[in-house]
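J.: Pasting a structure here, questions to come.
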Amino acid sequence: MVIIVLIPIVSLAMPHVQTRYILGCGFFLLGCGLLYGRSIAPDIDFPHLVILRAAQAFPLAFLFVPASVLAYQTISQKMGGDAAALFTMFRNVCGSIGISVSTAIVATRTQVHMAYLSGHLSRSDSTFHNALSQLTTAIRGIVFRRATPRRRH
């Protein structure tokens, strides 16, 4: 919804503001939104998630409209169809490359972290043994409290 509302506003601002400033603002806001998103946690609530998603979607209107205008600005009407096909193809290919690279980085870092953790997961490691016994005691306490019927007064 944020993008749908902002695209006409950005389109109206484009004749008055240089395209490079709008693109720069879009990249800056996208960076801020992604930095804001690094604080995500497993126990996130829905309103916080909506704000997070809106903060990441807000800058896209400042990126897509000016990029499209710049791509078609010097193209004649006769070549418009070919330009649209090339622009869409390059956007899809570059997006796919970006997704592939980020997936490879995440997979590699996960393997590094798993290798590090597996080196410390043995009964001979005192830190692991203490943490395991504390978690076992805590889980047994929770299960025992839930299994005990509550008395009503």
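J.: Report yes if Arg53 is under 23 Å from Gly95 (Cβ atoms), without any contact (Cβ under 8 Å) to a residue 60 or more places away in the chain, basic (Lys, Arg) and surrounded by fewer than 11 Cβ atoms within 10 Å (Cβ to Cβ), otherwise no.
T.: No, not satisfied.
J.: Quick one: is Val69 over 16 Å from the mean Cα position of the chain (by Cα) and touching a residue at least 24 places away in the same chain (Cβ under 8 Å)?
T.: Numbers: over 16 Å from the mean Cα position of the chain (by Cα): yes; touching a residue at least 24 places away in the same chain (Cβ under 8 Å): yes.
Taking the combined requirement at face value, the residue satisfies it.
J.: Ile40 versus (1) touching a Leu at 6+ places or on another chain (Cβ under 9 Å); (2) within 20 Å of Gly95 (Cβ to Cβ); (3) aliphatic (A, V, I, L, M): which is the lone unmet condition?
T.: (2)
J.: So which of Arg38, Arg20 is open to solvent by 60 Å² or more (accessible area, probe 1.4 Å) and under 13 Å from the mean Cα position of the chain (by Cα)? Steps first, answer last, please.
T.: Values: Arg20 fails: under 13 Å from the mean Cα position of the chain (by Cα).
Being open to solvent by 60 Å² or more (accessible area, probe 1.4 Å) and under 13 Å from the mean Cα position of the chain (by Cα) holds for just one of Arg38, Arg20, which is Arg38.
J.: Can I ask one more? Cβ-Cβ below 9 Å, separation at least six or inter-chain, first residue in the stretch 27-41 and without any contact (Cβ under 8 Å) to a residue 40 or more places away in the chain, second open to solvent by 70 Å² or more (accessible area, probe 1.4 Å): which pairs?
T.: Pairs that qualify, where the first residue is without any contact (Cβ under 8 Å) to a residue 40 or more places away in the chain and the partner is open to solvent by 70 Å² or more (accessible area, probe 1.4 Å), are Leu29/Phe58; Leu30/Phe58; Gly33/Phe58; Tyr36/Ile51; Gly37/Arg53; Ile40/Leu49.
Rundown of residues vs (1) over 30 Å from Pro15 (Cα atoms); (2) more than 26 Å from the chain's Cα centre (by Cα); (3) modelled with pLDDT under 85, yes/no style:
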| position | (1), (2), (3) |
| --- | --- |
| Ala85 | no, yes, no |
| Ile99 | yes, no, no |
| Arg109 | yes, no, no |
| Leu121 | yes, yes, yes |
| Phe128 | yes, yes, yes |
| Arg150 | yes, yes, yes |
| His153 | yes, yes, yes |
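J.: Quick one: in the stretch 69-112, of everything that is among the β-branched types (Val, Ile, Thr) and assigned to a loop (DSSP other than H, G, I, E, B), which residue is most open to solvent (accessible area, probe 1.4 Å)?
T.: Keep residues of the stretch 69-112 that are among the β-branched types (Val, Ile, Thr), which gives 69, 74-75, 88, 93, 97, 99, 101, 103, 105-106, 108, 110, 112.
Filter once more, keeping what is assigned to a loop (DSSP other than H, G, I, E, B): 74-75.
Details: Thr74: 125, Ile75: 68 Å².
Filtering first and then ranking leaves Thr74.
The values are calculated or read from the model by the stated rules, or taken from the named source; none is laboratory data. Worth saying up front: this structure is predicted, and the values here are computed from it rather than measured. Methodologically, a virtual Cβ is constructed for each residue, glycine included, from the backbone with ideal geometry; neighbour enumeration extends over all protein chains shown. All accessible areas refer to the heavy atoms of the entire protein, side chains included, with ligands and DNA or RNA removed. Shrake-Rupley method; radii C 1.70, N 1.55, O 1.52, S 1.80 Å.
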